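Asks: First, the structure itself, so that you have it in front of you.
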Amino acid sequence: MTSPAPLLPGAPEGATRTAWWLFAPPAALMGLRWLLEWHGDRWPGPDAWALAPFAGTRDPGLGFAALGAGAAAIAAVGVLLRWTARRRGRPHARRVAAGLWALACVGGALAMAARHWDARWLQPLPEARVSVAGSRVQPPSLRGPGGTQVVLRWEDADPVASGTPPLEGTAPVLRQATLPASAAAAWRPGQALRLQWARGRFGGLYATGWQPLAGGGTAPAAPHLP
């Protein structure tokens with residue numbers, strides 16, 4: 001029985017297989033992204049806006065640590081492939097590299113699907129009293145429609161952060177979200193809100209509604225928005 005002809009005319013079978021492993025997983029990843037976007041446009045989920053930890057409170061050294069960890073991981077993979085090529089031969093090393101590449105694409109696909117479905121099964125949390133610590137205009141981009149990026153300061157107990165009221169002298173809980181400009185553009189530092197929020201199916205936090213309150217009190221120092 002003869003082996004099948006390469007899919008690329010004039011290319012050896014090994015090169016064709018390598019090309020498939022290189023381009024098919026990311027192509028499938030892009031196809032999944034398109035499918036999820038189409039699903040979101042066809043069947044929109046509930047109105048929810050992601051709440052993330054305030055980026056300005058993160059230690060700048062964490063970014064360098066993440067870069068270092070990524071470089072170390074790439075170096076470790078390179079050493080592993082080199083060792084495999086010496087011990088088992090280059091064909092085996094290529095198969096290991098292809099498997100790692102496919103696993104990375106599968107991980108990306110799972111993360112993309114989790115983000116898409118996270119906000120479609122919401123578990124409401126107790127209503128929170130928050131105040132606006134700072135805001136800025138967020139222009140539209142490929143990542144979203146834009147709006148007003150708002151930093152919210154939790155004024156009462158935060159059941160997500162600790163499960164208990166914050167101790168005196170501890171840093172306040174700050175989270176940021178990009179909200180519709182029609183609602184949040186007029187808010188100023190110190191504006192008090194009653195916030196409806198919820199936890200997503202896979203642990204994300206989302207604002208689902210808000211009610212401005214009169215008498216926001218003294219405006220706290222607005223944090224720097226990156």
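Asks: Taking 0.36 nm per intervening residue step and subtracting the Cα-Cα distance, what contour gain separates Gln211 from Ser141 on full extension?
Replies: Full extension of this stretch gives 22.5 nm more.
Asks: At what distance in nm do the modelled label points of Arg201 and Leu22 sit from each other, each positioned 7 Å from its Cα along Cα→Cβ?
Replies: Rounded to a tenth, the inter-label distance reads 3.7 nm.
Asks: Treating region 86-143 as a set of equal point scatterers at the Cα positions, no solvent, please give the Debye-formula log₁₀ I(q)/I(0) at q = 0.15, 0.20, 0.24 Å⁻¹.
Replies: Summing over Cα pairs of region 86-143 leads to -0.80, -0.98, -1.01.
Throughout, read-outs are computed from the coordinates displayed, never taken from laboratory work. Bear in mind the structure is a predicted one, so any value in this text is a computation, not a measurement. We place every Cβ from the backbone using ideal geometry, glycine too, and count neighbours over all the protein chains shown.
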